[in-house]
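Bear in mind that the values in this text are calculations on the coordinates, not laboratory data. Since the model is a prediction, treat every value here as computed from it, not as a measurement. With ideal geometry, Cβ positions are generated from the backbone for all residues, glycine too; neighbour counts draw on all protein chains shown.
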Amino acid sequence: MLWVTCPRCGHRPIDEFKFGGEIPDVPASITDDAARDLDRVWMFNNVDGVTTERWFHEGGCRRWMTLKRDTHLDRVIED
Ligand SMILES: [Zn+2]
């Protein structure tokens, strides 16, 4: 089972969290703020490797957190 360390609740099972989507890297060539927001919200990379994601601790403190996860190994590498 995958475990996540919530900054407020500590080491908790992933079942307590709800996936909020990845935070994709927006290319520096996109300089328009609206276009950057569009890429950030909707243009997911679906990376097979390390990605930055948002998770909601639904079964705990009910707060959002950001973590890095290796999607290939399905392992949290930084939280
Ligand atoms: Zn929490």
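Where the only charges are on Cβ atoms (+1 Lys, Arg; -1 Asp, Glu), what is the dipole of the chain about its Cα centre, to the nearest 20 debye? Let's see the in-between values first.
Values: 11 positive and 15 negative charges, 82 e Å.
Once rounded to the nearest 20, the dipole reads 400 debye.
Give me the extension gain from H11 to R62: residue separation times 0.36 nm, minus the current Cα-Cα distance, reported in nm with one decimal. Please report the intermediate quantities before stating the final value.
On the way: separation 51, 0.36 × 51 = 18.36 nm, distance 1.49 nm.
My answer for the length gained is 16.9 nm.
Can you put L67, L2 in order, fewest other beta carbons within 10 Å first? Intermediate results must be reported in sequence, preceding the final value.
Values: L67 18, L2 11.
Taking fewest neighbouring Cβ atoms as first place, the list is L2, L67.
Given an 8 Å cut-off on Cα distances and at least 6 residues of separation, report the relative contact order of region 3-78 as a percent.
Details: 121 pairs, mean separation 22.3, N = 76.
With pairs under 8 Å counted, the relative contact order is 29 percent.
Under 4.7 Å Cβ to Cβ, no partner at all: give me those cysteines from the chain, in residue order.
Here C61 come out as lacking a disulfide-compatible partner, given the Cβ-Cβ threshold of under 4.7 Å.
Could you list T66, T31 so that the one with the fewest beta carbons within 10 Å of its beta carbon is first and the one with the most is last? Intermediate results must be reported in sequence, preceding the final value.
Working: T66 12, T31 9.
Lowest count first: T31, T66.
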